[in-house]
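Scroll down for the structure; my scribbles are underneath it.
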Amino acid sequence: MGKPTGFIDYKRLESSAAEPAERIKNFNEFHKPLGNEQRKEQAARCMDCGVPFCQNGQMLCGMISGCPLNNLIPEWNDLLYHGHKEQALRRLLMTNNFPEFTSRVCPALCEKACTCGLNDDPVAVRENEFAIIENGFADGLVKPQIPEVRSSKKIAVIGSGPAGLAAADTLNRRGHNVTVFERSDRPGGLLMYGIPNMKLEKQIVMRRVELMKAEGVMFVTNADVGKTIKASDITAGYDAVILACGSSNPRDIKAEGRDAQGIYFAVDFLKATTKSLLDSDLQDGNYISAKDKDVVIIGGGDTGNDCVGTSVRHGCRSVVQLEMMPKLPDKRAEDNPWPEWPRVCKTDYGQEEAIAVFGADPRVYQTTVREFIKDENGALCAVKTVKLDFVPDPETGRKLPKEIPGSEEIIPCQLCLIAAGFLGAQQYIADAFGAELDGRTNVRTENGSFHTGADKVFAAGDMHIGQSLVVRAIREGRDAAREADEYLMGYTNL
């Protein structure tokens, strides 16, 4: 490495975030990047550690350790430290189609497996990645890469989320003719409408889409393949099809009063806000408003946190986030050693904002909704919650939730958002292309393969592996593109 003692000489320094009271006034990204010299110092902290677990990307105890894209992290950290921006960008783009997305929304699996983090703070890998790609755009280093030679092969990609975009980008650079079909009015899928603007501003998504268009990728929006467009027309007109439609079936809550007015899935709440924000800066009123309402969010994950931050920006009266599972420890437990993914409690941006506005953490652990309470007009007015205990199953030993008698509580609520995750591919799109679903409602393929068994049809991303991370979706798209290329050409150099 360029500075062998960098991890000793410099402490970890992160970009500063606007104070919660300020950033909740808008839906803009709120981090201020470090200067070039500070960023070089952060890159210098990357150790000559011999075995860079940061780029491993393997499963350990059912969790991913390190980057699933196998990003060449030590290499581009060294180049960044030496000021070789163009070379650093080139090494970064070798493994990651969209660093501008992952450097904003990835939970930084690389950092959790960083050797420096074993006894000190890990290297600021994600922010270094952000600096490389954003400097690349700012300095004009990111330009359309138009293939010099085109094949005669036509490929349809169904879905324009991270997996679909990665597959399309990879196959287009190979020289194939790629068309992306998106059922929404804007391309981007999860990136456009599933992630709030304050985490990923939508001009960043469109910047990449416009670059891909300049490189030759075709985009067709408002195209719901399997409904408004026949799958048979797609398979007849293209040499290969990649299904990348995401994991689009939200988990529901089966409780009494579920039909009350004022209960929504989180994805619908977030999408409506982002679409209205883009269409009219929220002036059209075409979104699910949390203003002056008591909000209850069911689900303690990232989507639930996004709902907290969005509700606070709407001007909610109160917000409670229910988490079924017990609170995770603040530090690694002994049975969760490095370099495993750390099962620890984190306070994310939305929770920080709720604490600043309401004076308390919105999360309530080991709690679920037993009943949705309606008023005389059928509108939601409160929820009845119950505490849970986790007791071992006598047969399997697995701990299962059990309601605690007498722990019921009634919480005022006029807006309830269900953020309990997603289950697999939507049936109609699988049926349209003759793809089978497995027991988890994901598209069935052979192990290590992306081919669905239906002629010329492949699957990638969340509809293939289930709900996961943007970085895994990009890897899925790249790998599916490689297999489709080999199917079309008889070999592949991807």
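Any residue in region 64-76 that is free of Cβ contacts under 8 Å to residues at least 60 places away in the same chain sitting within a Cβ distance under 8 Å of a residue that is crowded, with 24+ Cβ neighbours inside 10 Å and charged (D, E, K, R)? List the pairs, counting only those 6 or more apart or interchain.
As it stands, the answer is 71/129; 76/129, since those pairs meet every condition given.
Taking only region 57-89 into account, find how many residues are part of a helix (DSSP H, G or I) and surrounded by fewer than 17 Cβ atoms within 10 Å (Cβ to Cβ). Can you show your working first?
Filtering region 57-89 down to residues part of a helix (DSSP H, G or I) leaves 73-81, 85-89.
Of the ones still in play, those that are also surrounded by fewer than 17 Cβ atoms within 10 Å (Cβ to Cβ) are 86-87.
Qualifying residue count, region 57-89: 2.
Across region 222-245, which residue is surrounded by the fewest Cβ atoms within 10 Å (Cβ to Cβ) among those that are among the polar types (S, T, N, Q) and within 22 Å of residue 480 (Cα to Cα)? First the steps, then the outcome.
Let us first name the residues in region 222-245 that are among the polar types (S, T, N, Q), namely 222, 228, 232, 235.
Restricting the remaining residues to those that are within 22 Å of residue 480 (Cα to Cα) gives 232, 235.
Working: 232: 10, 235: 19.
Checking each candidate, the answer is 232.
Can you name every one of the strands (runs of 3 or more DSSP E) wholly within region 231-323 that holds 2 or more residues which are touching a helix residue (DSSP H, G or I) at 6+ places or on another chain (Cβ under 9 Å) and more than 22 Å from residue 202 (Cβ to Cβ)?
On the way: elements: 240-243, 263-265, 294-298, 318-323.
In region 231-323, the matching strands (runs of 3 or more DSSP E) lie at 240-243, 294-298, 318-323.
Residues that are crowded, with 17+ Cβ neighbours inside 10 Å, on the phi < 0 side of the Ramachandran plot and among the polar types (S, T, N, Q): does region 393-413 have at least one?
Initial filter on region 393-413 (crowded, with 17+ Cβ neighbours inside 10 Å): 411, 413.
With on the phi < 0 side of the Ramachandran plot added as a condition, the list becomes 411, 413.
Next, only the ones that are among the polar types (S, T, N, Q) stay: none.
No, region 393-413 contains no residue that is crowded, with 17+ Cβ neighbours inside 10 Å, on the phi < 0 side of the Ramachandran plot and among the polar types (S, T, N, Q).
Residue check, residue 361 against (1) touching a residue at least 12 places away in the same chain (Cβ under 8 Å); (2) open to solvent by 50 Å² or more (accessible area, probe 1.4 Å); (3) over 30 Å from residue 63 (Cβ atoms), all met but one. Which one?
Unmet for residue 361, out of (1) touching a residue at least 12 places away in the same chain (Cβ under 8 Å); (2) open to solvent by 50 Å² or more (accessible area, probe 1.4 Å); (3) over 30 Å from residue 63 (Cβ atoms): (3).
Which is touching a residue at least 40 places away in the same chain (Cβ under 8 Å), open to solvent by 10 Å² or more (accessible area, probe 1.4 Å) and farther than 29 Å from residue 220 by Cβ, of 116, 110, 106? Show your work before the answer.
Details: 116 fails: open to solvent by 10 Å² or more (accessible area, probe 1.4 Å); 106 fails: farther than 29 Å from residue 220 by Cβ.
Just one listed residue meets the conditions, 110.
When region 436-490 is examined, which residues are found to be touching a His at 6+ places or on another chain (Cβ under 8 Å), more than 24 Å from residue 175 (Cα to Cα) and open to solvent by less than 20 Å² (accessible area, probe 1.4 Å)?
442, 443
Rundown of residues vs (1) in contact with a Cys (Cβ under 6 Å, 6 or more places away or on another chain); (2) open to solvent by 40 Å² or more (accessible area, probe 1.4 Å); (3) touching a residue at least 40 places away in the same chain (Cβ under 8 Å), yes/no style:
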| position | (1), (2), (3) |
| --- | --- |
| 247 | no, no, yes |
| 252 | no, yes, yes |
| 268 | no, yes, no |
| 271 | no, yes, yes |
| 274 | no, no, yes |
| 278 | no, yes, yes |
| 291 | no, yes, no |
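Working only within region 210-220, note down all residues that are surrounded by fewer than 21 Cβ atoms within 10 Å (Cβ to Cβ) and either part of a helix (DSSP H, G or I) or in contact (Cβ under 8 Å) with a residue 60 or more places away in the chain (or both).
210, 211, 213, 214, 215, 216
The values are calculated or read from the model by the stated rules, or taken from the named source; none is laboratory data. If you're wondering where the values come from, they're calculated on a predicted model, not measured in any experiment. Neighbour counts are summed over all protein chains in view; Cβ atoms, including those assigned to glycine, are modelled from backbone coordinates with ideal geometry. Note: areas computed on protein heavy atoms with side chains; ligands, DNA, RNA excluded. Shrake-Rupley method; radii C 1.70, N 1.55, O 1.52, S 1.80 Å.
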